[in-house]
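The values are calculated or read from the model by the stated rules, or taken from the named source; none is laboratory data. In this text the structure is predicted, and so the values were computed from the model without any measurement. So basically every Cβ, Gly included, is an ideal-geometry build from the backbone, and we count neighbours across all protein chains shown.
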Amino acid sequence: MRLLTALLLVLALAAPAFAQPPTAPGAPTFPGSTSNRRTVTINVTGPGSVVGPGISCTGTVCTGTYIVGTTTVLHASRPSGVTFQGWVGACTGTGSCTLVMSQSQSVGVTFTFPGWVLQWNDNSTDETNFQLERRSPCASGTFVLLASPPSGNGATAQATDATAVFGTSYGYRIRAVNGFGQSTYSNTVCSP
């Protein structure tokens, strides 16, 4: 028994004075939990949308949630006739928006609708001007004079309906006018 006591005493004296239990590890996390996710807030102005992994933003304000450290690429999408003006906030310019999700971020995107541009062939050279008429909706309603564009002198002529509201259906027709009267109307075309 004395031998066992002596051995324990030697082992106790041989242990370093700084010996202690190890430091506790960090708390575990769950890959799908909100503690390791960051939010991107997207503010959309005008008639366009933003799409990216897990998000399709067609409203005025949308959010998406992404795992910390991931790279997210957002794309601006615009319908025909709409102009993409660019990004503001965490992204700038007119290309795609690339975000590294190290923190929550906010981006803005602006789309404008300048109106519908209408073109037609000027099939004569003796008119003084045209009468461009519009109705809404396209298939019904009463036509009203929208503009009196000048003569195209036999070339392609055009006019812009800058008062058009995006998403509203319009019907357009046109006729040529000179000092002796008016031509027949063109066929009616509907806005896209």
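In region 63-80, the qualifying residues are those that are among the small types (Gly, Ala, Ser) and free of Cβ contacts under 8 Å to residues at least 40 places away in the same chain, and the one that is surrounded by the fewest Cβ atoms within 10 Å (Cβ to Cβ) is Gly69.
Looking only at region 144-159, residues that are surrounded by 15 or more Cβ atoms within 10 Å (Cβ to Cβ) and either touching an Asp or Glu at 6+ places or on another chain (Cβ under 6 Å) or not small (Gly, Ala, Ser) (or both) come to 5 in all.
Flag: Gly32 matches the condition of being more than 21 Å from Ser106 (Cβ to Cβ), among the small types (Gly, Ala, Ser), part of a loop (DSSP other than H, G, I, E, B) and modelled with pLDDT under 90.
Which is assigned to a loop (DSSP other than H, G, I, E, B) and either out of contact with any Phe, Trp or Tyr (no Cβ under 6 Å at 6 or more places or on another chain) or in contact (Cβ under 8 Å) with a residue 60 or more places away in the chain (or both), of Ser106, Ser102, Ser56?
On inspection, the qualifying residue turns out to be Ser102.
Among the residues examined, Leu145 qualifies as part of a strand (DSSP E or B), in contact with a strand residue (DSSP E or B) (Cβ under 7 Å, 6 or more places away or on another chain) and within 22 Å of Cys190 (Cβ to Cβ).
Considering region 174-192, the residues that are crowded, with 17+ Cβ neighbours inside 10 Å and assigned to a strand (DSSP E or B) include one that is modelled with the highest pLDDT, namely Ile174. Looking across region 41-62, just one residue is out of contact with any Gly (no Cβ under 8 Å at 6 or more places or on another chain), buried (at least 16 other Cβ atoms within 10 Å of the Cβ) and among the aliphatic types (A, V, I, L, M), and that is Val50. Looking across region 119-141, the residues that are under 35 Å from the mean Cα position of the chain (by Cα) and either surrounded by 17 or more Cβ atoms within 10 Å (Cβ to Cβ) or outside any strand (DSSP E or B) (or both) come down to Trp120, Leu132, Glu133, Arg134, Arg135, Ser136, Pro137, Cys138, Ala139, Ser140, Gly141.
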